[in-house]
Every structure is written in structure tokens, then in C-alpha cells.
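Presented below is the structure to which this report refers.
The values are calculated or read from the model by the stated rules, or taken from the named source; none is laboratory data. Bear in mind the structure is a predicted one, so any value in this text is a computation, not a measurement. Neighbour counts are summed over all protein chains in view; Cβ atoms, including those assigned to glycine, are modelled from backbone coordinates with ideal geometry. Areas reflect the complete protein model, heavy atoms only, side chains present, ligands, DNA and RNA absent. Shrake-Rupley method; radii C 1.70, N 1.55, O 1.52, S 1.80 Å.
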Amino acid sequence: IGSMYYDGQNLPKDRARAASWFRKAAEMGHSQAQVNLGIMHMEGDSVPANNAEALKWFTQAAEQGDSEGQTALGMMYALGRGMEPDLVQANKWISIAAEQGDKDAKTAHTKLVTKLTPEQLEQSKKLAKEWQDRRVEKPSASIPAPEPSKTAGK
């Protein structure tokens, strides 16, 4: 619904309402809504410009594995939006997104690696691997097998 309001698809274009719907979905863990809300806060698009809010939403999307959120978060670190620039963290997130095939991340990564020292590059690779290893280690929520019916076989 947020996207429909944002773009004016079958509903009147209303970016403030879009932000409200994105927030509801973002708070429930919807990564694309988190990215959308982060962009709106970064640009001050119908919500107050707020880099801290953008960082919060991009981080949540990135931690869920959303490549667009990872790229956006990496760019915030690279550009120092609302913080000191951190090229190690920037490269961590952008390289993770690039590995998922995100074209924007691949382009950014090509430019970013030329700005890192060999030590920073190694540290960034280590952080990316640690993040990926943590994601693999997390047990997936499994659906319990249904109880057999007491009348089965009768």
C-alpha cells in the first residue's frame, strides 16, 4: 500500500501516507519498506530529513540480507552521512551486496576498493566473512511436524 501511495498507483499520490505505511511494514520487519523509509529519511521526502533514522532502517534491512539495504548502508558509511566516514564498514556492506549480484553495489565496490589500504581491505573482508558466517550459523525456524492423528490407521 505504501508503494501505491508513493507512486500514485490506483490511489492518489500521497508521500506522507506512503511513509506511514512503509513505517508500519518496516516495524514488522519488511526489508523493502525499511529501505524505502530509509531513503525517504535520507532525502527528507515527506518526512524530516534524518540521517540517524535512515541509518537505522538501512541497518535493519542490511542485517536481514537485503542487498539494496546493504548498498545504501555501505554508501552512508562511505560518504559519512550522519557519521564519520568508515571505509572498512562501507566496503563490508557493499561487498556483501555485490556478492549477491546487486549492480549498484558492484559499481560502487569497484570504485571503493581503490580508496582502501591493504589493511583496511583485509579488515573489511574479515568483517564481511564474520557477518556471513553468523547468518549461516543462525538456526532456521523450522515448522514442527504435525502430530499423527489418533484415528490414523483405524
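Observations
- The number of residues in region 27-71 that are within 26 Å of residue 137 (Cβ to Cβ), open to solvent by less than 70 Å² (accessible area, probe 1.4 Å) and touching a Gly at 6+ places or on another chain (Cβ under 9 Å) comes to 12.
- All conditions in (1) of a type in the set (S, T, N, Q); (2) modelled with pLDDT under 95; (3) under 13 Å from residue 71 (Cα atoms) hold for residue 151, with the sole exception of (3).
- Contact map, region 22-36: first residue in contact (Cβ under 8 Å) with a residue 12 or more places away in the chain, second residue assigned to a loop (DSSP other than H, G, I, E, B) and open to solvent by less than 30 Å² (accessible area, probe 1.4 Å), Cβ cut-off under 9 Å, separation 6 or more or different chains; pairs are 23/47; 31/65; 31/66; 32/66; 34/66; 35/66.
- Single match in 92, 106 (criterion: of a type outside the set (A, V, I, L, M, F, W, C) and open to solvent by 30 Å² or more (accessible area, probe 1.4 Å)): 106
Listed here are the residues, each with its yes/no results for (1) surrounded by 15 or more Cβ atoms within 10 Å (Cβ to Cβ); (2) at pLDDT 95 or above; (3) part of a helix (DSSP H, G or I); (4) among the polar types (S, T, N, Q).
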residue	(1), (2), (3), (4)
76	yes, yes, yes, no
124	yes, yes, yes, yes
129	no, yes, yes, no
135	no, no, yes, no
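- Output for region 82-111, where each listed residue is touching a residue at least 12 places away in the same chain (Cβ under 8 Å), part of a helix (DSSP H, G or I) and farther than 17 Å from residue 68 by Cα: 87, 88
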